[in-house]
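Colleague: Dropping the structure in here first, questions after.
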Amino acid sequence: MSNLLETVYHVEAVIKVAARCNINCSYCYVFNKGEESFKDRPIKMSRSVMADTAAYLAQGVRELGAKSANVVFHGGEPLMLGKRDFDAFAFLLRDALTGVPSVRLGVQTNAMLLDDEWIDIFARHRIGVGVSLDGTSYINDLERKDHRGRGTYRRTVDGLRLLQKHAKLGAFPWPGVISVIHPLASGKATYRHFVDDLGVRGMTFHLPMDTHDSFESQDVMVYAQFLCDVFDEWARDNNRDIYVRMFSQLLSFFAGGEQQTQDASGHSRMQHVTIESDGSVGVDELKPTRLNTGSFNVRTSSLRDFANSPASALLRELPTRLADQCQPCVWRNYCKGGLQHGVQVNRWSDTNGFDNASVLCEGLMKIYSHVAHHALLAGLPEQRMLDALEHHPLQFASSRGLHRQAFLRA
Ligand code: SF4
């Protein structure tokens with residue numbers, strides 16, 4: 001085992017238990033962006049692939065020496081796997097991963113198929129639920145329609161409320177919401193709707209999964225403004241029970257929080273893996289690059305094999321392989337070329353590979369500046385923030401003046 005692998009701290013596994021969806025979101029990268037590999041895969045994962053997957057993850061976590069694992073039932077729509085198979089798979093995973101210090105099972109769902117039996121399954125296995133919902137009824141239903149063209153907001157919110165009712169009783173963690181930012185959406189209205197109308201306490205906002213070649217929109221500052229507006233509402237609420245992933249991470253970093261997700265040389269300590277319904281293994285987020293990530297399957301290889309593959313090694317190294325444009329950037333210690341709050345493909349172009357700043361760079365800078373400005377006004381010692389930004393294995397040199405300029409540009 002290489003030294004690199006010995007530093008893996010966390011395994012993040014996305015399992016595509018169903019290769020079909022009960023709805024038809026226009027932006028879906030699995031079904032509606034020209035990538036058709038799902039057609040060659042079983043609609044649902046079989047029991048035997050489930051058993052192999054559980055064993056694969058258990059062995060892999062052990063061999064990599066990871067201290068924690070997060071396993072997310074994904075799809076398509078994961079509830080299309082069906083209750084009995086889902087329940088059986090959760091048992092297999094919990095059993096196989098016994099002894100790993102921290103294991104979390106989660107599911108990412110549109111919540112439209114939920115009923116009391118699903119609630120029992122989630123409670124039995126302590127499954128954390130993320131509900132996909134893009135905002136108000138109007139915004140959500142612009143893109144998230146069913147196969148008959150009907151909006152899905154009402155049915156998703158019914159599912160969310162059912163989850164909340166049982167979470168309140170302690171059945172499982174409070175469900176979070178994952179939102180794809182729509183260029184027409186208002187950050188303020190979206191946040192207020194989630195918090196005030198729907199009782200949401202945890203939310204994650206997704207930026208576009210575009211490369212430099214596919215990003216057609218000139219809306220990067222629209223996305224940034226959306227997030228700045230969300231931040232302002234969140235900061236105004238000042239409610240510790242409400243978690244917005246991006247801002248919690250950013251403020252924690254500015255305050256000097258430890259980043260366990262990278263080793264001393266800046267390499268990522270996370271091993272990502274996506275397992276398809278036929279057991280094939282890859283990284284979902286790399287699909288737009290059309291990079292050859294090798295040919296792996298849970299039945300014929302190990303997670304260690306995959307972690308040793310050139311594609312995996314490249315992904316772990318990306319945080320330290322920054323483009324020239326990122327080298328003098330005041331935010332690079334945190335941002336890592338956009339990896340912190342985007343996806344790897346945001347750096348990709350067919351011409352330069354990953355040797356680019358994020359396609360969302362300008363917007364990211366605006367958000368970082370906005371949050372940093374707020375943190376300083378709220379009393380975070382400036383030196384602490386400067387230390388957090390400057391402490392980096394690559395020892396980048398930038399003047400304090402540049403830092404100050406960046407903070408004050410918000
Ligand atoms: S803000 Fe832009 S230049 Fe700075 S590290 Fe991020 S992507 Fe690179």
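The values are calculated or read from the model by the stated rules, or taken from the named source; none is laboratory data. What you are looking at is a predicted structure, and each value in this text was computed from that prediction instead of being measured. Here Cβ is always computed from backbone atoms with ideal geometry, including for glycine, and neighbour counts include all displayed protein chains. In case anyone asks, the SASA skips ligands and DNA or RNA and just uses the protein heavy atoms, side chains included. Shrake-Rupley method; radii C 1.70, N 1.55, O 1.52, S 1.80 Å.
Colleague: With the condition kept exactly as written, say whether any residue in the stretch 369-376 is part of a loop (DSSP other than H, G, I, E, B), among the hydroxyl-bearing types (Ser, Thr, Tyr) and more than 9 Å from the ligand (Cβ to nearest atom).
Modeller: no
Colleague: Looking only at the stretch 207-226, which residues are farther than 12 Å from residue 182 by Cα and among the aromatic types (Phe, Trp, Tyr)?
Modeller: Answer for the stretch 207-226, where residues must be farther than 12 Å from residue 182 by Cα and among the aromatic types (Phe, Trp, Tyr): just 215.
Colleague: To continue, here is another question. Of everything in the stretch 33-54, what is under 24 Å from the mean Cα position of the chain (by Cα), of a type outside the set (Phe, Trp, Tyr) and not in a loop (DSSP other than H, G, I, E, B)? Give them in sequence order.
Modeller: Within the stretch 33-54, 37, 44, 50, 53, 54 meet the criteria.
Colleague: Suppose we keep only residues that are assigned to a helix (DSSP H, G or I) and among the hydrophobic types (A, V, I, L, M, F, W, C) within the stretch 292-312. Which one would you say is nearest to the ligand (Cβ to nearest atom)?
Modeller: 311
Colleague: Ok, one more. With the condition kept exactly as written, say whether any residue in the stretch 22-29 is free of Cβ contacts under 8 Å to residues at least 12 places away in the same chain and surrounded by 15 or more Cβ atoms within 10 Å (Cβ to Cβ).
Modeller: Within the stretch 22-29, one or more residues are free of Cβ contacts under 8 Å to residues at least 12 places away in the same chain and surrounded by 15 or more Cβ atoms within 10 Å (Cβ to Cβ).
Colleague: OK, next. Every residue in the stretch 83-100 that is of a type in the set (D, E, K, R) and more than 12 Å from residue 73 (Cβ to Cβ), please.
Modeller: Answer for the stretch 83-100, where residues must be of a type in the set (D, E, K, R) and more than 12 Å from residue 73 (Cβ to Cβ): 83, 84, 94, 95.
Colleague: Do we have any residue at all in the stretch 346-357 that's away from the ligand (no atom under 13 Å from the Cβ), among the hydroxyl-bearing types (Ser, Thr, Tyr), in a loop (DSSP other than H, G, I, E, B) and modelled with pLDDT under 90?
Modeller: no
Colleague: In the stretch 93-151, which residues are part of a loop (DSSP other than H, G, I, E, B) and either touching a Ser or Thr at 6+ places or on another chain (Cβ under 9 Å) or buried (at least 19 other Cβ atoms within 10 Å of the Cβ) (or both)?
Modeller: 97, 100, 101, 110, 111, 112, 114, 133, 134, 135, 136, 144
Colleague: Another question about this same structure. Of all residues being part of a helix (DSSP H, G or I) and open to solvent by 20 Å² or more (accessible area, probe 1.4 Å) in the stretch 318-334, which is nearest to the ligand (Cβ to nearest atom)? Just the residue, please.
Modeller: The residue in question is 325.
Colleague: Mind counting the residues in the stretch 240-254 that are out of contact with any strand residue (DSSP E or B) (no Cβ under 8 Å at 6 or more places or on another chain) and in contact (Cβ under 8 Å) with a residue 40 or more places away in the chain?
Modeller: Qualifying residue count for the region: 7.
Colleague: Inspect all residues belonging to the stretch 138-147 and state whether any of them is modelled with pLDDT of 95 or more, charged (D, E, K, R) and more than 23 Å from the chain's Cα centre (by Cα).
Modeller: no
Colleague: In the stretch 280-294, is there at least one residue being at pLDDT 85 or above and open to solvent by less than 20 Å² (accessible area, probe 1.4 Å)?
Modeller: yes
Colleague: Based on this model, can you work out whether residue 315 counts as crowded, with 19+ Cβ neighbours inside 10 Å, within 22 Å of the chain's Cα centre (by Cα) and more than 13 Å from the ligand (Cβ to nearest atom)?
Modeller: Taking the combined requirement at face value, the residue satisfies it.
Colleague: Okay, next question. Evaluate the following for residue 363: is it open to solvent by less than 10 Å² (accessible area, probe 1.4 Å) and more than 8 Å from the ligand (Cβ to nearest atom)?
Modeller: So residue 363 fits the description; yes.
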